[in-house]
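Report on one structure; see the data block that follows.
The values are calculated or read from the model by the stated rules, or taken from the named source; none is laboratory data. Just so you know, these numbers come straight off a predicted model, no measurement behind them. As a convention, Cβ positions derive from the backbone with ideal geometry for all residues, glycine included, and neighbour counts pool all protein chains shown. Calculation scope for accessible area: heavy atoms of the full protein, side chains included, ligands and nucleic acids excluded. Shrake-Rupley method; radii C 1.70, N 1.55, O 1.52, S 1.80 Å.
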Amino acid sequence: MAYEFEFGGQTFEIAGEAALYWRAQNALLVSDLHLEKASAFALYGQMLPPYDSVATLQDIAALCSKYSPASIISLGDNFHDDDGELRLAEGAAELLGNLARATEWIWITGNHDRAVSGIWGGKALDELTLSGITLRHEAKAGDPHPEISGHFHPKFRQILRGRMVKRRCFVKTPRKMIMPAFGALTGGLDVQDAAIIKACDLCDGEGVEALVATQSGCARFALNAAGAFAK
Amino acid sequence: MRNWRHQGWNAGKLSGIKSGVNLPPIILNWFAARGWQPRRHQLEMLEAAGAGQHALLVAATGAGKTLAGFLPSLHDLIANPTDGLHTLYISPLKALATDVRRNLLIPIEEMGLPIRVEARTGDTPSDRKARQRVKPPHILLTTPESLSLLLSREDSVHMFATLKRVIVDEVHAFANSKRGDLLSLSLARLQTLAPDMQRVALSATVADPDDYRAWLAPHGDMEQVRLVAGDAAAEPDLTILLPEGRVPWAGHSGHHAIPQLIDEIGRNKITLIFCNTRFLAEFIFQKLWDANEAKFPIGIHHGSLSVEARRKVEGAMAEGKLRALVCTASLDLGVDWGNVDCVIQMGAPKGSSRLLQRIGRSNHRMDEPSKAILVPGNRFEYLEAQAAFDAVAEGVRDGETFRPGSYDVLAQHVMGIACAGPFDESALLAEVQSALPYSAIDAATFARVIAFIATGGYALKAYDRFKKLVKNPDGLWRLSHPQFAAQHRFNAGIIVDAPMLEIRFRNGRKLGKVEEAFAATLSPGNCFTFAGMALEVESIKDLDLIVRAATKPATNIPSYMGARLPLTTHLAGRVRQMLTDRPGWARFPDDVREWLEMQAYRSQMPKAGQLLVETFPHDKRHYMVAYPFEGWNAHQSLGMLITRRMESRGLMPMGFVASDYALGVWSLKPITDPRPLFSADILADEFVDWVESSYLLKRAFREVAVISGLVERQHPGKRKTGRQVTFSTDLIYDVLRKYEPDHLLLEAAWADARARLTDVGRLGDLLDRAADTMLHVDLQRVSPLAVPLLVMIGRESVAQGSVDDALLMEAETLAGVAMTP
């Protein structure tokens, strides 16, 4: 069951576990793909499975079949490092090429890959504003306009009935929305972490909501301005 | 003379010693000066050494085992003085290596021998370590991990060329584990470097010494290992303590007996109080202090306390400043304090070998009985205590099944060897095969291990450019870059902790560690008890939990995963047997006997080999309770599987609860025929499916990923910076499972899960039996035997179904309800 919510006067749908579908723009939003993270580690002798880019791109392809978006907007940290784009393995490169041809692919550049060149397709932008909502990599303090960003890899982490439940999650305030990391090998930062709460740039009396995708929709959890879950 | 208790050295009688060994006068005079005699088994160890044999000494604590191990080395070093490393002593505990050094140095000094003895562990300063490699001592005391690291050095070839003997202490405690795998591979390596090296192992009494002879021997050929048996120790003086003569229905702690414990502490010089978990140790310690009107000095010791805190309490013990010490398996082995005169086991003993080991911690005199008290926490635990009591009286130990060596340990070892220098693949394979745990490794598997180290061993050859190992033109494998050797030494090791947070005061004083999962339940202002102190959380920073002394009492105690000791098959079998032996119930306390008699009257008592399953309604739900006695792990696994099966059959299960003895399931609809739920085909598909998606395999994968060197170890307190952020091995697991399900590490994780986490073997046996042996009794109300299990409901966490999603939705609903004005 699809879960929709309003943000910045627009309607968004949570797509899969970590993407957003923006119907009015017919755009799929993802963030922090960290493509070629495994090979970045392999360079230094940690031979992580070389399938992370394929896994990540296949997940995007699956969402594309479902939503048929006109554009895919990736909110930065697209590749794990500057050379990642050049290391992209054959299968993954082909997959990315296909996706970038079938849609308008936009790379918002992030702190991990300022030099994204788009050799496999797509165009690179520092940031982008659509229907009054700014899409950028890292939340900007003091910006009063609605903004969607990534960078922090927020993750919901709670012990529920004695069991540790960890899930990627979206962070939502009236003006800011922070997306979870989409990449197959990207870890997360506890949504209660001070860095995330600070990035939310809260005004007096405002709280934060963590949105966790579930198979049947979405579970929502309120956090107060100190980053604690409302009990 | 401090720390000088070798009662065991002198107990031999003059008559009856026949020995072909002529001890040098310097040793004989030293014995004579103390009025002592070498003991029979000490002389037999000398004989074995003289005959060039490997040897296994099996003897009780206090029998002078350590000296028996070293005597041949001293003898040889006197007869044939040499330079260079002569004897390597390997202990599973760092502390033991330091302690033996103290106790070995004294006789060497008193005999005036020019023998250098040094210890080398993770705590040894690096300049001393470097010096040891250039100018090794005659006798080096070390641990399996430190030895493995030494073997990764280029100069190890020279350092070990002179080696004559290797002594493995407390071999029973770790041979059959990954540390045992590692040591076994290191022994094979040492034998290559020093072909005439004699292998010696010292063991407590074990069920089958031949298992350990084979483990010790090159190529598993136990005939090469002479078995030397020590004299039998005096029978222990064992009692079962019943608090006020009653046995409680539930609980594991035995805390009802606190007043009697205080009396015992008062009656004895020093009492060791063993608890089965760290949680329980903290709990009992708190209860003891609450009742400690006599102000006895009582300490606490467990594996999650900081090293400083443990050393402090060990020091207080050594100086005789404590009257009692509450402890866990962290003291199953370790430094002998000698003056302990009573051992108390809280809760069920879980195995006869473990119990005997613990009893042996008291009164290290061969001729006096050790005093031990069992305090069962509930009625089943009473039966288990009685079973252990009988086993101890008969001198029967738990049998052990040796597992094949793990691939992750092999990968670590091979990488270490590569760090020492180029190697030939087939020569190294032959060497590895001479270690018993790896005797079945074939060339193809070995090639996979090498490929794993070199490039990760993936079907997709993406990393050929980044190879860690390359093949020289001469056909030898070598490291592609020396940085990988440094990386290996930084990450090598066998113990992989759950992610932990360090507990410390703001001034930096470290108290110990709690698991991340527990820390996640805390926020600033919360209080908990640790190391016997009430602490209040000040803040949580990265991997540090900053605390201060709490001003209010704390009831919260940290618990640790994997803390549960498994019930041995041997004891489980005895308990089952006791249930069928009705005349034997006469010796039980009244309430236990009445409980069993009422069970026989109201329901049935299973006959030998029968699996009793009861169904009954209770409190608007339908219950099914099975009594397989196969241990918590097996029951927990079975509970997950059966509730899943019930779900698909529309029985609407609501939860389950498992103990070491029984499994209880409850549902909205009644189970009329339990047989199909227990059919053996559950293991074929549903089990695999369940394990793969469960945390069990992920946890095992995390361990093999670290040990094998796939991911770098997180060193507590040393947070990585910049690019080397940590990442979750769960994510790697998911990717690997999807894209390369046959990968070596997934195979290794499965082997672990199978052997250690789920007791699949026991589960399989249980299910195979179930079809033929099930005794189903349908009842109108709860049976007496079911009560101890049902009262656990609500205390143990219960989760099932497509869990995470359900829990999230539930948590959201609760929050919603609570937050609605």
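The requirement of being assigned to a helix (DSSP H, G or I), open to solvent by less than 10 Å² (accessible area, probe 1.4 Å) and within 14 Å of another protein chain (Cβ to nearest Cβ) is not satisfied by B:Ala451. Just one of the listed residues (B:Pro404, B:Pro349) is open to solvent by 10 Å² or more (accessible area, probe 1.4 Å), of a type outside the set (Phe, Trp, Tyr) and either part of a loop (DSSP other than H, G, I, E, B) or in contact with a Phe, Trp or Tyr (Cβ under 8 Å, 6 or more places away or on another chain) (or both), namely B:Pro404.
Checked against (1) more than 14 Å from the chain's Cα centre (by Cα); (2) crowded, with 24+ Cβ neighbours inside 10 Å, A:Ala141 meets all criteria but (2).
Can you list residue pairs whose Cβ atoms sit under 9 Å apart, with the first residue in the stretch B:715-744 being more than 15 Å from A:Ala55 (Cβ to Cβ) and within 11 Å of chain A (Cβ to nearest Cβ) and the second being modelled with pLDDT under 50 and open to solvent by 40 Å² or more (accessible area, probe 1.4 Å)? Count only pairs 6 or more apart in sequence or on different chains. Partner pairs satisfying both residue conditions: B:Thr726/B:Arg719; B:Thr726/B:Lys720.
Among the residues of the stretch B:663-708, just one is within 24 Å of B:Leu612 (Cβ to Cβ), outside any helix (DSSP H, G or I), within 31 Å of the chain's Cα centre (by Cα) and not hydrophobic (A, V, I, L, M, F, W, C), namely B:Gly664.
Scanning the stretch A:39-50 for residues that are touching a Gly at 6+ places or on another chain (Cβ under 9 Å) and either in a loop (DSSP other than H, G, I, E, B) or more than 8 Å from chain B (Cβ to nearest Cβ) (or both) gives A:Gly45, A:Gln46, A:Met47, A:Leu48, A:Pro49, A:Pro50. Considering only the stretch B:230-239, I want to know if a residue exists there that is assigned to a helix (DSSP H, G or I) and open to solvent by 20 Å² or more (accessible area, probe 1.4 Å). So far as the stretch B:230-239 goes, no, none of its residues is assigned to a helix (DSSP H, G or I) and open to solvent by 20 Å² or more (accessible area, probe 1.4 Å). Scanning the stretch A:65-82 for residues that are free of Cβ contacts under 8 Å to residues at least 40 places away in the same chain and within 14 Å of another protein chain (Cβ to nearest Cβ) yields a total of 1. Taken over the stretch A:159-182, the criterion of being open to solvent by 10 Å² or more (accessible area, probe 1.4 Å), among the basic types (Lys, Arg) and either more than 10 Å from chain B (Cβ to nearest Cβ) or not in a loop (DSSP other than H, G, I, E, B) (or both) is satisfied by A:Arg163, A:Lys166, A:Arg167, A:Arg168, A:Lys172, A:Arg175.
When the stretch B:664-699 is filtered for residues that are of a type in the set (Ser, Thr, Tyr) and within 19 Å of B:Ala748 (Cα to Cα), the ones remaining, listed by number, are B:Ser693, B:Ser694, B:Tyr695. The numbered conditions (1) in a loop (DSSP other than H, G, I, E, B); (2) aliphatic (A, V, I, L, M); (3) more than 24 Å from B:Glu740 (Cβ to Cβ); (4) out of contact with any helix residue (DSSP H, G or I) (no Cβ under 8 Å at 6 or more places or on another chain) are all true for B:Ala459 except (3). Report whether or not B:Ala485 is within 13 Å of chain A (Cβ to nearest Cβ), more than 21 Å from the chain's Cα centre (by Cα), over 20 Å from B:Ala281 (Cα atoms) and in contact (Cβ under 8 Å) with a residue 40 or more places away in the chain. The answer is yes for B:Ala485. So for the stretch A:55-64 (the condition being under 21 Å from A:Phe152 (Cβ atoms), assigned to a helix (DSSP H, G or I), modelled with pLDDT of 95 or more and within 13 Å of chain B (Cβ to nearest Cβ)), does at least one residue qualify? Checked against the condition, which is being under 21 Å from A:Phe152 (Cβ atoms), assigned to a helix (DSSP H, G or I), modelled with pLDDT of 95 or more and within 13 Å of chain B (Cβ to nearest Cβ), the stretch A:55-64 yields at least one hit. Taken together, the criteria place B:Glu630 among residues that are acidic (Asp, Glu), farther than 19 Å from B:Asp581 by Cβ and either modelled with pLDDT of 95 or more or not in a helix (DSSP H, G or I) (or both).
Step by step: first the residues of the stretch A:183-208, then only those that are within 11 Å of chain B (Cβ to nearest Cβ) and among the acidic types (Asp, Glu), then the one that is most open to solvent (accessible area, probe 1.4 Å). Which residue is that? Among them, the one singled out is A:Asp193.
In the stretch B:420-432, the residue that is least open to solvent (accessible area, probe 1.4 Å) out of those that are touching a residue at least 24 places away in the same chain (Cβ under 8 Å) and part of a helix (DSSP H, G or I) is B:Val432. When A:Phe156, A:Phe152 are screened for being surrounded by 23 or more Cβ atoms within 10 Å (Cβ to Cβ), at negative phi, touching a residue at least 60 places away in the same chain (Cβ under 8 Å) and not charged (D, E, K, R), only A:Phe156 passes. Condition check for A:Ala222 on (1) among the small types (Gly, Ala, Ser); (2) in a loop (DSSP other than H, G, I, E, B); (3) at pLDDT 85 or above; (4) open to solvent by 30 Å² or more (accessible area, probe 1.4 Å): one failure, at (2). The residues of the stretch B:152-170 that are at pLDDT below 95 and within 21 Å of the chain's Cα centre (by Cα), listed by number, are B:Asp169, B:Glu170.
Taking the stretch B:721-821 and the helices (runs of 4 or more DSSP H) fully enclosed by it, the elements with 1 or more residues that are modelled with pLDDT of 75 or more are at B:729-739, B:744-752, B:760-773, B:787-790. When A:Ala42 is tested against (1) open to solvent by less than 10 Å² (accessible area, probe 1.4 Å); (2) of a type outside the set (Lys, Arg); (3) over 24 Å from B:Pro741 (Cβ atoms); (4) modelled with pLDDT under 95, just one condition goes unmet, and that condition is (3).
Using the structure shown, decide if B:Leu571 is part of a helix (DSSP H, G or I), under 29 Å from B:Ser353 (Cα atoms), open to solvent by less than 60 Å² (accessible area, probe 1.4 Å) and out of contact with any Ser or Thr (no Cβ under 8 Å at 6 or more places or on another chain). No; evaluated as a whole, the condition is false for this residue.
Return the residue satisfying two criteria in turn: it lies in the stretch A:208-231 and is in contact with a strand residue (DSSP E or B) (Cβ under 7 Å, 6 or more places away or on another chain) and without any contact (Cβ under 8 Å) to a residue 12 or more places away in the chain, and of such residues it is farthest from B:Ile540 (Cα to Cα). My answer is A:Ala219. Being free of Cβ contacts under 8 Å to residues at least 24 places away in the same chain, open to solvent by 10 Å² or more (accessible area, probe 1.4 Å) and within 30 Å of B:Leu242 (Cα to Cα) is the requirement here; does B:Asp660 meet it? When the stated conditions are applied, B:Asp660 does not pass them.
Does B:Ser156 count as over 17 Å from B:Ala59 (Cβ atoms), in the same structural domain as B:Gly52 (by TED's automatic domain parsing), of a type outside the set (Phe, Trp, Tyr) and in contact with a His (Cβ under 8 Å, 6 or more places away or on another chain)? Against the criterion (over 17 Å from B:Ala59 (Cβ atoms), in the same structural domain as B:Gly52 (by TED's automatic domain parsing), of a type outside the set (Phe, Trp, Tyr) and in contact with a His (Cβ under 8 Å, 6 or more places away or on another chain)), B:Ser156 does not qualify.
If you check B:Arg478 against the conditions, is it under 30 Å from B:Arg153 (Cβ atoms) and part of a strand (DSSP E or B)? Against the criterion (under 30 Å from B:Arg153 (Cβ atoms) and part of a strand (DSSP E or B)), B:Arg478 qualifies.
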